[in-house]
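Comments concern the structure below.
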Amino acid sequence: MYIGIDWGGTKMEVIGLAGDGRELCRHRIATPREDYRGSVRAVCGLVAYARQATGRDGSVGIGLPGSPNPLTGLIRNSNAWWLNGQPLGRDLEEALGQPVRIANDGNCLAVSEAIDGAGAGAHIVHGIILGTGHGSGIAIDGKSHNGHQGLAGEIGHYSLPWPKEGDYPGPRCWCGRQGCLEMFCSGTGFELDYRMAAGVERKAAEIIDLKRAGDPGAEATYRRYVDRLARSLALIIDIIDPDVFVLGGGMSNIDELYDDLPRLLRERTNLFAGQDKLVFSDSVETPIRKAKHGDSSGVRGAAFLWREADGVR
């Protein structure tokens, strides 16, 4: 059995998968926030649940915001800040008595969707998380591509490409910098943009409902969001040129994105786009798809991290 844990800012979820991807068990708990030792105990409890529920043992893979530094093993870049600087892998292996694989949650999304999801069969799958935060991961031939520093796909904290009026310098990010992509292209950034423009605080789903009802302020917020996300995807195409983008996280459930993003990329990627040009080409046809496994993609990808060790495609 492959045991996967999706470590989110508000919830932790465990899944047990058979070798063919069949779900054997699933369980969710609240994340012990600001409590490192409590978090380690929570993981042990989730693994114990999976074993008891199925009567099987299994490997353990974990997807979380941030990633372990391959040189030190210490967690860095996590908005679950109490994990940063901690030897999480070593502590979990000691507590569980078995090896553990840890990867960025964006990489887990990409692996899950590359194996049997919206990117199945594609050579390079770029998974983009549009949730509370904003990040991504890359899967090549169904395997997580981590990079030399383990930072591949860490897009949330570069600056918004080709800033327009109103984009610069941008909101201050939790990481300490200003104008990070995360503050524009996450669900949090979407809500912040509406609040700054309208002076009213609303959840993303409420803003989309208003947009669909014809509210001009909500429509303007949505248009800015699509434009900013398209600029980011264009930069990724210029650097990596993936075979497919797969979107996950709460904002990925906005169906209009799958018409508006490709259209915007096509319209602004041609011989006549001039100063407003996006991808450095005269055409772009990169598919942009919703994650097939939805909210389950991250936890499935965490479980499948051990398929790589087993040599399974």
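Just so it is clear, none of the values below were taken in a lab; they were calculated from the coordinates. Since the structure is predicted, the reported quantities are computational estimates derived from the model, not experimental observations. Here the Cβ positions follow ideal geometry from the backbone for every residue, glycine too, while neighbour counts run over all protein chains shown.
Neighbour counting of Cβ atoms within 10 Å sorts the residues H27, H148, fewest neighbours leading, into H148, H27.
Which of rounded, prolate, oblate describes segment 1-154, given a ≥ b ≥ c as roots of the alpha-carbon gyration tensor eigenvalues and a/c under 1.5 marking rounded, otherwise prolate only if a/b is larger than b/c? It is oblate, given that a/c is not under 1.5 and a/b is not larger than b/c.
Cβ crowding within 10 Å, taken as a proxy for footprinting-reagent exposure, orders R90, R224, R231, R300 from fewest neighbours to most as R90, R224, R231, R300. Looking at the chain, the DSSP beta bridges with both ends there are about 60 percent antiparallel. Whole angstrom only: what separates the Cα centroid of segment 1-51 from the Cα centroid of segment 222-254? If we compute the Cα centre of each part, the gap is 29 Å. Over the chain, what is the mean sequence separation of C-alpha contacts under 8 Å (at least six apart), divided by residue count, expressed as relative contact order in percent? Here the relative contact order equals 20 percent.
Neighbours of P161, meaning other residues whose beta-carbon lies under 10 angstrom from its beta-carbon, give a summed charge of 0 when Lys and Arg score +1 and Asp and Glu score -1. For K211, the aspartates and glutamates whose Cα falls under 19 Å of its own Cα, not counting residues fewer than eight places away in the same chain, are E191, D193, E201, E219, D227, D255, E256, D259, D260.
An oblate overall shape is assigned to segment 184-313, the ratio a/c of its alpha-carbon gyration tensor axes (a ≥ b ≥ c) being 1.5 or greater and a/b not exceeding b/c. When you filter the GluC sites (Glu not before Pro) in segment 193-287 for DSSP loop state and at most 12 other Cβ atoms inside 10 Å of their Cβ, you are left with E201, E256, E285.
If you sort the three axes of the alpha carbon gyration tensor as a ≥ b ≥ c, you get a/c of 1.5 or more for the chain and a/b above b/c, which makes it prolate.
Within segment 164-182, list the residues whose amide N lies under 18 Å from a label point set 7 Å along Cα→Cβ of N84. Hits in segment 164-182 for N84 at 18 Å: 171-182. The simple spin-label model puts a point 7 Å past each Cα toward its Cβ; for R223 and R41 those points are separated by 5.3 nm. Remark: segment 119-290 carries a charge dipole of roughly 280 debye about the Cα centre, counting +1 on each Lys and Arg Cβ and -1 on each Asp and Glu Cβ. Place a point 7 Å from the Cα of R56 along the Cα-to-Cβ direction; which residues of segment 7-33 have their backbone N under 14 Å from it? Residues 15-26 fall inside that zone.
Could you compute Rg(Cα) / (2.2 N^0.38 Å) for segment 1-54, with N its residue count?
Relative to the rule-of-thumb radius for its length, segment 1-54 sits at 1.13.
Within the set K11/K164; K11/K277; K143/K277; K143/K164; K203/K292, which residue pairs have Cα atoms separated by over 31 Å? Violating the 31 Å limit, Cα to Cα: K11/K164; K11/K277; K143/K277; K143/K164.
Give me the net charge of D193's neighbourhood, meaning all other residues with Cβ under 15 Å from the Cβ of D193; Lys, Arg count +1, Asp, Glu -1. Net of charged neighbours comes to +1.
Each Lys and Arg contributes +1 and each Asp and Glu -1, all at the Cβ; summed about the Cα centre of the chain, the dipole is approximately 540 debye. Within the chain, which is the longest segment that contains none of the chymotrypsin sites (Phe, Trp or Tyr not before Pro) sitting in a DSSP loop with at most 12 other Cβ atoms within 10 Å? With a cap of 12 other Cβ atoms within 10 Å, the longest stretch comes to 1-271. Taking 0.36 nm per residue of sequence separation and removing the Cα-Cα distance, the I239/H27 pair yields an extension gain of 72.5 nm.
Normalised by the number of residues in segment 119-290, the mean separation of alpha-carbon contacts (under 8 Å, six or more apart) gives a relative contact order of 23 percent.
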